[in-house]
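Have a look at the structure below, then the notes.
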Amino acid sequence: MHDIFISYSRKDIAFARLIRGSLQENQLDTWIDWDRIPVGVRWWQEICEAIANSNIFMFIVSRDSIGSNVCGDEIGQALKHNKRIIPVLLDDLKPEALKEFVPDLPEFNWIVFQRDRVFHLETNSAIQSDTAEDREVALPQLPQFYESLIRLNKAIRTDWEWVKYHTQLQVSALHWEANGKSPAYLLEKGYLRDAERWVAGAEGKDPQPTTLQVEFIEQSKKKFLADKEKMLADSGKWWRKEPNTSHYAPDFELVCVNCRYSYTFTPSEHIPIPAQCPECKFKGFGRFGV
């Protein structure tokens, strides 16, 4: 998985290199397509996988990028996965221009790096290139640039653990979907608990859970409850309650269906099966055959 996917126009590659270097200095891993040359289905599949596997989608907004079909398709993928989208403004454009480019794009706080008013790219004369857009750039030593970087890092790292878990859960949900939504790929008990706690705290968060994530959690819970009921039913076949007592006839190892705590029941000791699991307090413990 990656921290940030960077979407940009090929004509803005110098700034893309600049911002990527700054992010790496802040220990943020990035995914970026340096070639920007569509070469078939496999190329686009790699782009889609990279977006799904990235925590943040950063869009470098310029006069060129808001006219790029590739950038538009990439934003569409980010919206599909409810990614946190951070627009980085490179040119003096109005928000309406981006809204016209992607009508479904929600409202965002812009991170402004306007190249004409905030800083000027400095080319490194030691590196030769046939085109200006391929030249390496040195980091401008201007306070405005660093102020924008601070705002950018804050936008990235706000609720960072929430954002990272969003990506992890979405990748798992996509894997489940890709395998025909087979029950074999649903969340198990411990992971299900984490997912339920996560989605319960979604109010006011960015990004919000996806429809697929919610379905994934709901189906996982249904399977968990069905498995638990089946285990209770199957276990009941092995226990016979003695008339007018709370004891059961045979010695047998009883296993809590919630935490797997094992309990050996010995009727000769005339000690009732506990009403709940001593380990996790699950109320269903010891109710087999009742």
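The values are calculated or read from the model by the stated rules, or taken from the named source; none is laboratory data. The structure presented is a predicted model; accordingly, all values stated were derived computationally and were not measured. Every residue, glycine among them, receives a Cβ derived from its backbone with ideal geometry; neighbour counts consider all protein chains shown.
I need the full set of residues from the range 36-63 which are touching a Phe, Trp or Tyr at 6+ places or on another chain (Cβ under 9 Å), in contact (Cβ under 8 Å) with a residue 24 or more places away in the chain and under 19 Å from Arg10 (Cα atoms), in order please.
Those that are touching a Phe, Trp or Tyr at 6+ places or on another chain (Cβ under 9 Å), in contact (Cβ under 8 Å) with a residue 24 or more places away in the chain and under 19 Å from Arg10 (Cα atoms): Arg36, Pro38, Ile47, Ala50, Ile51, Phe57, Met58, Phe59, Ile60, Val61, Ser62.
Specify which of the listed residues (Lys221, Lys230, Lys241, Lys205) is within 22 Å of Lys181 (Cβ to Cβ) and either surrounded by 14 or more Cβ atoms within 10 Å (Cβ to Cβ) or at pLDDT 95 or above (or both).
Answer to the selection: Lys221.
Just a yes or no: is a residue in the range 142-153 within 19 Å of the chain's Cα centre (by Cα), among the hydroxyl-bearing types (Ser, Thr, Tyr) and either outside the structural domain of Ala50 (by TED's automatic domain parsing) or under 17 Å from Leu23 (Cα atoms) (or both)?
No, because not a single residue in the range 142-153 is within 19 Å of the chain's Cα centre (by Cα), among the hydroxyl-bearing types (Ser, Thr, Tyr) and either outside the structural domain of Ala50 (by TED's automatic domain parsing) or under 17 Å from Leu23 (Cα atoms) (or both).
Output the residue which, of all residues in the range 94-122 that are farther than 16 Å from Arg20 by Cα and at pLDDT 80 or above, is surrounded by the fewest Cβ atoms within 10 Å (Cβ to Cβ).
Per the criteria, the residue is Glu100.
Would you please name the residue that is modelled with the lowest pLDDT, looking only at residues in the range 137-167 that are under 23 Å from Ile56 (Cβ atoms), among the polar types (S, T, N, Q) and surrounded by fewer than 17 Cβ atoms within 10 Å (Cβ to Cβ)?
Once the filter is applied, the top-ranked residue is Gln144.
Asp12 passes all but one of (1) in contact (Cβ under 8 Å) with a residue 60 or more places away in the chain; (2) surrounded by fewer than 19 Cβ atoms within 10 Å (Cβ to Cβ); (3) in contact with a strand residue (DSSP E or B) (Cβ under 7 Å, 6 or more places away or on another chain); (4) closer than 27 Å to Gln144 by Cα; which number fails?
(2)
Applying the selection to the range 148-204, what residues are within 29 Å of Phe113 (Cβ to Cβ), among the β-branched types (Val, Ile, Thr) and free of Cβ contacts under 8 Å to residues at least 60 places away in the same chain?
Once the filter is applied, which keeps residues that are within 29 Å of Phe113 (Cβ to Cβ), among the β-branched types (Val, Ile, Thr) and free of Cβ contacts under 8 Å to residues at least 60 places away in the same chain, the range 148-204 yields Ile150, Thr158.
Just one of the numbered conditions (1) under 24 Å from Ser148 (Cα atoms); (2) surrounded by fewer than 17 Cβ atoms within 10 Å (Cβ to Cβ) is not true of His2; which one?
The single condition His2 does not satisfy is (2).
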